[in-house]
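S.K.: Once you've had a glance at the structure underneath, I'll fire off some questions.
The values are calculated or read from the model by the stated rules, or taken from the named source; none is laboratory data. Since the structure is predicted, the reported quantities are computational estimates derived from the model, not experimental observations. Glycine also receives a Cβ, built like all others from the backbone with ideal geometry; neighbour counts cover every protein chain displayed. Note: accessible area is taken over every heavy atom of the protein model, side chains too, but ligands, DNA and RNA are not part of it. Shrake-Rupley method; radii C 1.70, N 1.55, O 1.52, S 1.80 Å.
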Amino acid sequence: MKKNIFFFLILALVLFSSCVYGQEESSDSLLVTQAQASEAVAQDGPIVSEIKIQGNTSISEENILSKIKTRVNQPYVELVISDDIKRLYSSGYFSEVNVDTENIASDKIKIIFTVVEKPLIDEFKIVGSRILPRKKIEDSIMLRKGAYLDYSQLNLDVDTIKDLYVKRGYPDVSVIPNAEVDKTSNKAKVIITIEEGLKAKIRSVKFEGNNSIKSNKLLELMKTKPANIFLLRMGILKEIELDEDLERVKMFYQREGFSDVEVDSKVEPTLINGRTFIDITIVINEGKKYLTGDIIIEGNKVFTTDQIRKKLENCIPGKVYSQDAMREDVFIIQQMYYDKGYISVKITDTVNVSPKTGLVDIKYVIIENDIAYVNLVKVKGNTKTKDVVIRRELRLYPGDRFDGSKIRRSRERLQNLGFFEEVNFDTENSNVEDKKNLVVEVKESKTGQFSVGGGYSTVDKLVGFIEVEQKNFDWKNFPYFTGDGQNLKLRAEAGSVTNNFNLSFTEPWIFDYPLSFGFDVYKWTHSKDSSTGYAYNENRVGGDVRFSKDITEYISAGLTYKLENIKIKDVDTNAGNELKKEEGNNRISSMTLGAAFDNRDNILNPMKGTYLGGNVETAGGPWGGTKNFVKTRATFKQYFPIIKVTVLELRLMAGIANSFGDSDEVPIYERYFAGGSDTIRGYHERKVGPIDPQTDEPIGGEAIMVGNIEYIFPIFQFVKGAAFYDIGNVWEKVENFGSGHFRSGIGVGLRVKTPMGPVRIDYGYPLNLEPGEEKRSGKFHFSMGSSF
């Protein structure tokens, strides 16, 4: 029995080795084998009796033989020999390869490979580099000491070095290669001499022929700009960028109706006091400006001509004509048909310049075809995320009529998950005549994160944190724990005034039903610090249980029960009764009912849409606890896209709080506060509203209203700028809500994405006096770290 097992093991090993060897053979070798076999059968050629290698000095014969496919005792095949020559050249060792044959007998042949080896670089030098470190140059090129001299690669390396210098502002750099070969030893000495020349900066960019558009407007379109030390602009001429700038200017003119525009450039270097400066002139031949004439629509039955005309936004009679604008209108017509299920609609456009009016007449011919229905929904590209997580966000199902608006909404919902870098929809034919398959293709992003770092804000001061989060968690999927769309987050913070711990879990579809369930467990402490508006030490320990459900596509509702213990201590001895009576332990038991309307295009980075949400929290009463109060809060946000990637955000928040039962007033830690980075900038944190007359510390109020207008615009790839106006106030009692003067502030800020989290810097200037202050002064509000 043991012998039989041993025999089968040996046999399996042999078979496995054969399979592995066969897999390692490239498809190229398989083709060669087939060619050998077919040619041998076709012509019954001679057999290779001997293979001889000559001309090699440093490359061994065994190494050369390993690179060719021709073998002794195999048929001689011209195709294989030709491929062998290519293989030897591609090895990079040889500058010349020749093959000769010698007939040994009528059925035997001898093959002779004669090679000329490339010289081996024995010495390699770079001379004349002062601006760029030699190591940077060497790391950017391929040739070096010990490599084989390849003249084509040497030329490529020369071009690479030139590019390095041009990018640093040295367009006149000269790179001279020199290679000396010792024919006896076949070794080479390579010297690359660099003459750097003078650094050149762009002094001016001017425009000629731009009669219709101002130069400043055209310069804004370009990356090529004059040097400016205050704007941190190097002013380096890059030919590729200049070519792209010319194309951008041309496209801009075409969008403005100048379809025949021609754009060129003149680059003029000037030597001033030993330095080279560059003056660039953009020469523009605008040509004629075209306007839109008649718009003719044919073939439309689903929509009337007036319905289509009303939707067109770009090419309008009497307005500018451009091909881009016309293409955008074609897309609008397509979207109208897609939304009705006509996804096979075809639209052709033709233009004609009227000799009488000089206007461009446009004709749209529409072939509507039939309505299409969804046959199957196919999901592709997801390796971690379960199909069901993607499918439950879709708003289009098998049997439904194709609907473009539902597809767009499905894309928004999938993007809002935060699981995917890209989400694309496509269709494919099915075996049913009026049905097509809907293909959803995603590209997954990293959803798990472990971060250790620090942050700073004007509220929490210096904070260090450890955070583990998985946005696509699956507690059943051991050991990867990903794929089911759950959210798990564990965060611990330790800082100069705050120490926090939080564990959060959310299951968006509990028991595969569209009901979200979640819970939080936390411990939160904030030390006494007058600069952040805390006149006492506060310690909160508690947790909550959350449920929420989508009522409609854009409306959701939720219910949260919260239980927490709050301890207030170390109140200033000079403080008034408002602060002193809050000392001690209290237990808050509350139930919160909330609802929200949210049709924003992207909850992570919204560009358009509306958010309207509100909640009512009832503490005490039937829920127990030591404090009885009701808090109501409403939030409104509106986003308007302005000029491509900029956005205007309007925010309004209002809230009121009332005590009831045994509680005479709302506890200080449940009141509303305003002022600072998150409410009204330009004022100290929490200092807008009622203050303690003894200590000038904030004591909060029972009512609040805060409004913000913020305009966000890009500056660089990861940097955005902001301009804002804030207004609001806090009132001590609910009955005073909306009365008296509001506090307001204006300012500017920066939003920067960093590996440690977003950084926000705002400078706000108060337009009113802050309570307790005699003069106005601007203030910086700074926050950094993933908690903000």
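S.K.: Take each of the peptides 308-317, 639-648, average the number of other beta-carbon atoms within 10 Å over its residues, and list them starting from the highest.
M.R.: Working: 308-317: 16.2, 639-648: 13.9.
Answer by packing, highest mean first, reads 308-317, 639-648.
S.K.: List the aspartates and glutamates whose alpha-carbon lies under 14 Å from that of K356, not counting same-chain residues fewer than 8 positions away?
M.R.: Here the aspartates and glutamates satisfying the reach criterion relative to K356 are D294.
S.K.: With a point put 7 Å past each Cα toward its Cβ, work out how far M591 is from V388 in nm, to one decimal.
M.R.: 3.1
S.K.: Same structure again: With the full set of protein chains in place, find how many percent of the accessible area of the chain is carbon and sulfur; take the probe as 1.4 Å. Before the final figure, lay out the partial values.
M.R.: Values: 23590 of 43090 Å².
Result for the chain: 55 percent of the exposed heavy-atom area is carbon or sulfur.
S.K.: With a 1.4 Å probe and all protein chains in place, put F331, F465 in order of accessible area, largest first. Intermediate values should be presented prior to the final figure.
M.R.: Details: F331 115, F465 10 Å².
Largest to smallest exposure gives the sequence F331, F465.
S.K.: What are the principal axis extents of the Cα atoms in region 710-762, in Å, biggest first?
M.R.: 48, 21, 11
S.K.: Describe numerically, in nm with one decimal, the distance between label points set 7 Å from Cα along Cα→Cβ at H741 and at K476.
M.R.: Distance between label points: 6.3 nm.
S.K.: Round to the nearest 0.05 the FRET efficiency obtained for D662 and K167 when R0 = 51 Å and r is the Cβ-Cβ distance.
M.R.: 0.10
S.K.: When only Cα pairs under 8 Å and 6 or more residues apart are kept, what is the percent relative contact order across region 311-456? Please list the in-between numbers first.
M.R.: Numbers: 234 pairs, mean separation 30.0, N = 146.
Here the relative contact order equals 21 percent.
S.K.: Where does the Debye-calculated log10 I(q)/I(0) of the chain sit at q = 0.06 Å⁻¹, using only Cα point scatterers of equal weight, no solvent?
M.R.: Debye curve over Cα of the chain, log10 I(q)/I(0) at q = 0.06 Å⁻¹: -0.71.
S.K.: Across the Cα atoms of region 326-469, what radius of gyration and what greatest pairwise Cα-Cα distance (Dmax) are found, in Å?
M.R.: 22.8, 74
S.K.: Sort out for me the Cα centre separation of region 559-624 from region 135-152, rounded to whole Å.
M.R.: Answer, in whole Å: 66.
S.K.: Can you give me the pair-distance distribution of region 193-258, C-alpha pairs, 5 Å bins, whole percents?
M.R.: 4, 14, 22, 23, 15, 10, 6, 3, 2, 1, 0
S.K.: Just to verify a number: FRET efficiency for K356 and Q335, C-beta to C-beta distance, R0 = 22 Å, to 0.05? List each step's numbers first, then the result.
M.R.: Working: r = 34 Å, r/R0 = 1.53.
With R0 = 22 Å, the Cβ-Cβ based efficiency is 0.05.
S.K.: On average, how much area does the Cα convex hull of region 554-611 cover when viewed from any direction, in nm²? Numbers along the way, then the final one.
M.R.: Details: hull surface 28.1 nm².
With the hull built on Cα positions only, its mean projection is 7.0 nm².
S.K.: If ligands, DNA and RNA are left out, what is the accessible area of S556 with a 1.4 Å probe, given in Å² to the nearest 10?
M.R.: So the heavy atoms of S556 present about 40 Å² to solvent.
S.K.: For V730, what charge total do you get from the other residues with a beta carbon under 12 Å from its beta carbon, if Lys and Arg give +1 and Asp and Glu give -1?
M.R.: Values: positive: R671, R686, K687, K733, R743; negative: E702, E732.
Taking every Cβ under 12 Å from that of V730, the sum is +3.
S.K.: Follow-up. Spelling out what I want: for every residue of region 330-342, take phi, set θ = phi - 60°, compute 6.51 cos²θ - 1.76 cosθ + 1.60 (Karplus), and round to whole Hz; glycine and proline get x.
M.R.: In residue order, the calculated couplings are 4, 5, 4, 5, 4, 4, 4, 6, 4, 5, 9, x, 8 Hz.
S.K.: Related question: What is region 127-167 by shape, rounded, prolate or oblate, if you read a ≥ b ≥ c off the alpha carbon gyration tensor as root eigenvalues and call it rounded for a/c under 1.5, prolate for a/b larger than b/c, and oblate otherwise? Walk me through the numbers on the way to the answer.
M.R.: On the way: a/c = 2.44, a/b = 1.50, b/c = 1.63.
Because a/c hits 1.5 or more and a/b fails to exceed b/c, region 127-167 counts as oblate.
S.K.: Could you list the chymotrypsin sites (Phe, Trp or Tyr not before Pro) in region 529-573 that lie in coil according to DSSP, counting only those with at most 16 other Cβ atoms within 10 Å of their Cβ?
M.R.: Filter output for region 529-573: Y554.
S.K.: Go ahead and run the numbers for FRET between K567 and E441, Cβ-Cβ distance against an R0 of 60 Å, rounding to 0.05.
M.R.: Working: r = 53 Å, r/R0 = 0.89.
FRET efficiency, K567 to E441: 0.65.
S.K.: For a protection proxy built on the mean count of beta-carbon atoms within 10 angstrom, sort 207-213, 389-395 highest first, please.
M.R.: Values: 207-213: 14.7, 389-395: 18.7.
In descending order of packing, they fall as 389-395, 207-213.
S.K.: Could you tell me which of the pairs K581/K627; K310/K435; K471/K637 are separated by over 21 angstrom between their Cα atoms in the structure shown?
M.R.: Working: K581/K627 13 Å; K310/K435 31 Å; K471/K637 25 Å.
Pairs exceeding the cut-off: K310/K435; K471/K637.
S.K.: If each residue of separation counts as 0.36 nm, what is the full-extension length gain between A105 and N216 once their alpha-carbon separation is subtracted?
M.R.: Working: separation 111, 0.36 × 111 = 39.96 nm, distance 8.41 nm.
31.5 nm is the gain from fully extending A105 to N216.
S.K.: For K118, which aspartates and glutamates qualify as cross-link partners when the Cα separation must be under 13 Å and same-chain residues fewer than eight apart are set aside?
M.R.: Cα-Cα hits under 13 Å: E96, D150, E180, D182.
S.K.: Let me ask something else about it. Using every pair of alpha-carbon atoms in region 270-357, split the distances into 5 Å bins beginning at 0 and state the percent of pairs per bin, rounded to integers.
M.R.: 3, 10, 19, 18, 12, 8, 6, 5, 4, 4, 4, 3, 3, 1, 0
S.K.: Going through the cross-link list K125/K225; K162/K223; K162/K225; K125/K162, which pairs have a Cα-Cα distance over 27 Å in this structure? Walk me through the intermediate numbers first.
M.R.: On the way: K125/K225 36 Å; K162/K223 21 Å; K162/K225 22 Å; K125/K162 16 Å.
From the list (K125/K225; K162/K223; K162/K225; K125/K162), the Cα-Cα distance tops 27 Å for K125/K225.
S.K.: I'd like the accessible area for I691: 1.4 Å probe, protein heavy atoms, all chains in place, Å² to the nearest 10.
M.R.: Only protein atoms counted, so the area is about 40 Å².
S.K.: While we're on this one: Sticking with the crude label model, points 7 Å out along Cα→Cβ, report the distance from K549 to V748 in nm, one decimal please.
M.R.: Label at K549, label at V748, 5.1 nm between them.
S.K.: Related question: What does the accessible area of V545 come to, in Å² to the nearest 10, when a probe of 1.4 Å is used?
M.R.: 60
S.K.: With the other protein chains left in place, how much accessible area per residue, in square angstrom, belongs to the chain at a 1.4 angstrom probe?
M.R.: 55
S.K.: If you don't mind, there's one more thing I want to ask. Which of the chymotrypsin sites (Phe, Trp or Tyr not before Pro) found in region 736-765 are loop residues per DSSP with 11 or fewer other Cβ atoms within 10 Å of their Cβ? Please report the intermediate quantities before stating the final value.
M.R.: Working: sites: F737, F742, Y763; in loops: F737, F742.
Sparse-neighbourhood loop chymotrypsin sites (Phe, Trp or Tyr not before Pro): none present.
S.K.: Give me D for region 590-741 in µm² s⁻¹, whole number, from Stokes-Einstein with Rh from the Kirkwood sum over alpha-carbon pairs, 10 °C and 1.306 mPa s.
M.R.: After rounding, the answer is 92 µm²/s.
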